[in-house]
Structure formats: C-alpha cells, structure tokens
Amino acid sequence: MDETVAEYIRRTVLKIPRDEIKTMLQKWGFLSEKQLQTINFHQIKENVSQDVVQLCEANSADIKQAAVLDIIYNHIYPNKRMWSVYQMNKTGEETEIFDLTDFKKKFKRRLQSALKNVTISFREYEDNAIWIRVAWGTPYTKPNQYKTSYVVYHSQTPYVFISASVLKSNLPLLCQNFQTYHPRPLQERNAAPESGTNEKERIQRVNREAFGDGPQPKLEFAQYKLETMFKSDPKMDVLDKKEPFRCLVKFYSPHLLESLKSLAPAGMADAPLSPLLTCIPQKARNYFKIREKKGLFPGSFVSP
C-alpha cells in the first residue's frame, strides 16, 4: 500500500470520534468483520488508527478505498464543512430521466479529459443524494488528497451543493455535468378543479406539481420570521402603537420536506400547501423573512 494512502487513512480515522470508529468502519465495508474484531477500540486513537492502517495494508487498499471512507465521514458530519449552493439552468432538450451509471461516466470523462491528474469518487445514498469527492491535481502534480472538493447532488432538484474551494477555471467543469429537474409551476390557489376530477387525484396532482415525483432532500429544520403592521380606520382608534407585530415560527422534523409533502394526501391540510412551505426546495433555503410590502393593505406579505 502506498505511504500516502496509509497516511490519509490514518488521519481520517483520527478525525472520527472514538465511540463511532467501529460503526463507521463497518459502513465502509472494506475491512471484514473478522478483521475488525482484532482491533481494540478502547485503546488510544493513535493506536487504533495504526491498527486500521495495518489491516488496510493487508487488504492492499488504494486511494479509491481511502476516498470512500472520507466521503462516509463527511456524509455523517456535513456541518463540519462550509457549503455553497448553485442553481443549475436547463439547456437544450435534456431528458427528465436520470441514469446514474451514465452520469458517472460523463462526469469522469469530462473532468479527466480536461485535467490529467484528478481523483473522482462517488457514493449514493437512500435519499437520492449522490456524493462526489474530487481531488485536484495539475498536469505536472498528483491530486492533493487533503484539498478536495465535495459535491452533493439530488437528482430530482436543480441544486448542487459544493464544499471547499474550487478554482474558477475548474468550477464550470463541475457544474456543467449536472442535469436539472424543474417541477411544473403551481396552479393558482383559487383555480377550480377540472370537472369530473376525483378529489384524491387532484390532491396527488397538485402535490406532485409542488414537490416533484422523487424523494425529497432531507431537511430537519425551517424557520420563518414575520413582521407586519396592524392597520385600522384612524377614527376607530383601536391601536395606538405604531410598532410592528413580530413572531417567529419554527418547524422541526426528522424529514421535514417529506412531512410537508404528506400533509395534503393525509387530509391534514388543504392542497396546494402555502407557497411559503413549498418554496423551500426551489429556494434552497430554510430561513425566511416575511415582511409586509409598504403601501399595501393588511394581509399582503412577500417572502424575499
């Protein structure tokens, strides 16, 4: 096993909390359960990392296996990185069907044709998320495994999340590989259902227009801040204060978007849901401010 691979695996293991090392190595799947049983996970982490490296050397690990372990770590601890969100625009006559195998081939081919030295690793997760790790090199140097880019792409959304610095010349190479999915716009809330359309079918159709057909990106928290003024006839003298009303609304759920998506079909909310809720995937945000537009009547609010 290459020394650089051994050192990278050692450093990755040292980043993992002690009580989670075994579980993460099991998710990795590169070491057998029998090999894991030979490791004393109660010793100091440096010794644990050395034992892991020895077993990886016996299995002839290479940078591809080391990269997968790194992806697993970053997937479990995404908040340890800073992420930038990019919205993709559809060009040409692109198909709506996402083929993961074809996507991987095209992604690798385009990056490797432009850059000779680059390491690319993929890992798929249950929520339709594709995690991509890219270690960049130059025509004259090998990829730097300690300065990598991480890309998270949900195939049913037009958004790509990229972490770590990427050279401006390399950013288009990353972004041009992503296929977009744009759900159809919501119908007007007051539009009457088509005659003869079953109410259940209408709810399913409207829900699909709001959320799309695929699984939703996992989100656990959303927060809304509301600021508005109380208006009344000056002759009524109902309220003397000129200060605006303010309130804070927070939503928590193990899977917030899937929960919102299930409200109307379950009969717990009217369909379609408020755009203030359905706009979360489109805006790629979970913090919103709702303010009254100046000069409008009460109840007219906008979300910036």
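Got at least one residue in the range 111-119 being assigned to a loop (DSSP other than H, G, I, E, B), within 29 Å of Met1 (Cα to Cα) and in contact with a Ser or Thr (Cβ under 7 Å, 6 or more places away or on another chain)?
Of all residues in the range 111-119, those assigned to a loop (DSSP other than H, G, I, E, B) come to 115-117.
Imposing the further condition that a residue be within 29 Å of Met1 (Cα to Cα) reduces the set to 115-117.
Narrowing further to those that are in contact with a Ser or Thr (Cβ under 7 Å, 6 or more places away or on another chain): 117.
Yes, that holds for at least one residue.
Results for (1) part of a loop (DSSP other than H, G, I, E, B); (2) over 21 Å from the mean Cα position of the chain (by Cα); (3) loosely packed, with under 12 Cβ neighbours inside 10 Å; (4) not assigned by TED's automatic domain parsing to the domain that holds Phe161, shown as yes or no for each residue.
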site: Leu31; (1), (2), (3), (4): yes, yes, no, yes
site: Ile39; (1), (2), (3), (4): yes, yes, no, yes
site: Ser49; (1), (2), (3), (4): no, yes, no, yes
site: Gln54; (1), (2), (3), (4): no, yes, no, yes
site: Gln65; (1), (2), (3), (4): no, yes, no, yes
site: Ile72; (1), (2), (3), (4): no, no, no, yes
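Can you name every residue in the range 213-228 that is closer than 13 Å to Gln282 by Cβ and modelled with pLDDT under 80?
Matches in the range 213-228: none.
Could you list all residues from the range 1-10 that are in contact (Cβ under 8 Å) with a residue 24 or more places away in the chain and assigned to a helix (DSSP H, G or I)?
As a first pass, look at the range 1-10 and keep what is in contact (Cβ under 8 Å) with a residue 24 or more places away in the chain: 1-2, 4-6, 8-10.
Hits for the range 1-10 are Thr4, Val5, Ala6, Tyr8, Ile9, Arg10.
Report yes if some residue within the range 42-51 is of a type in the set (A, V, I, L, M, F, W, C) and touching a residue at least 40 places away in the same chain (Cβ under 8 Å); otherwise report no.
So in the range 42-51, the residues of a type in the set (A, V, I, L, M, F, W, C) come out as 44, 48.
When the remaining residues are screened for being touching a residue at least 40 places away in the same chain (Cβ under 8 Å), the result is none.
Scanning the range 42-51, I find no residue that is of a type in the set (A, V, I, L, M, F, W, C) and touching a residue at least 40 places away in the same chain (Cβ under 8 Å), so the answer is no.
Among the listed residues Arg133, Arg123, identify the single one that is part of a strand (DSSP E or B), buried (at least 19 other Cβ atoms within 10 Å of the Cβ) and either of a type outside the set (A, V, I, L, M) or in contact with an Asp or Glu (Cβ under 8 Å, 6 or more places away or on another chain) (or both). Spell out how you get there, then give the answer.
Details: Arg123 fails: buried (at least 19 other Cβ atoms within 10 Å of the Cβ).
Matching residue, one of Arg133, Arg123: Arg133.
The values are calculated or read from the model by the stated rules, or taken from the named source; none is laboratory data. Being a predicted model, the structure only gives us computed values, none of them experimental. Positions of Cβ are generated from backbone atoms using ideal geometry, with glycine treated the same way; all protein chains shown enter the neighbour counts.
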